[in-house]
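The values are calculated or read from the model by the stated rules, or taken from the named source; none is laboratory data. Just so it is clear, the structure is predicted and the values come from calculations on it, not from any experiment. Every residue, glycine among them, receives a Cβ derived from its backbone with ideal geometry; neighbour counts consider all protein chains shown.
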Amino acid sequence: MPVKKTTKAKAKKTVRKPAKKAAKKPVRKAAAKKPTVKKTTKKTTTAKPKAKPKVKAKRKPNPAFMKPMQPDEALGAVIGTKAVPRTEITKKIWVYIKKNGLQDAKNRRMINADDKLKPVFGNKTQVSMFEMTKLISKHIS
């Protein structure tokens, strides 16, 4: 009968060594630590009451937009002949459009011109709201 050879790994028996107790780390004293200095960017003030948070100020309108402009006869038939700022002209045009239901039902960006608005829109039957302001600017001086 042949003799089986055993490898070294099998031949060695694993013997467990008793577990060592963990050595306690020496406790550092608080005085041994260097004090850290915090750098602050805030300036310290003396006995001032806290200020209320600032309320965001309203934007000031551009004086060029607030300058009264005189509409010509075609635009005057829609918004009136009195000189008003450009911002008010646009508001009055939108009031007229909404009052008469001139916005397109499917594409709300398009404005359908009626008899009063056709001369203002350059005899176009339908213009976009972005093109409308460009066309209106030709009718004010």
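There is no residue in the range 76-88 that is within 13 Å of Ile136 (Cα to Cα), in contact (Cβ under 8 Å) with a residue 60 or more places away in the chain and not small (Gly, Ala, Ser). Within the range 125-141, identify whether any single residue is in contact (Cβ under 8 Å) with a residue 60 or more places away in the chain and not in a loop (DSSP other than H, G, I, E, B), and answer yes or no. Looking for residues that are in contact (Cβ under 8 Å) with a residue 60 or more places away in the chain and not in a loop (DSSP other than H, G, I, E, B), one finds at least one in the range 125-141, hence yes. Looking at (1) closer than 30 Å to Pro119 by Cβ; (2) charged (D, E, K, R); (3) at pLDDT below 65, which is the only condition Lys98 fails? It fails just one condition, (3).
In the range 99-112, the residue that is nearest to His139 (Cα to Cα) out of those that are in contact with a strand residue (DSSP E or B) (Cβ under 7 Å, 6 or more places away or on another chain) and assigned to a loop (DSSP other than H, G, I, E, B) is Leu102. Of the residues making up the range 82-98, one or more are in contact with a helix residue (DSSP H, G or I) (Cβ under 8 Å, 6 or more places away or on another chain), in a strand (DSSP E or B), on the phi < 0 side of the Ramachandran plot and surrounded by 15 or more Cβ atoms within 10 Å (Cβ to Cβ).
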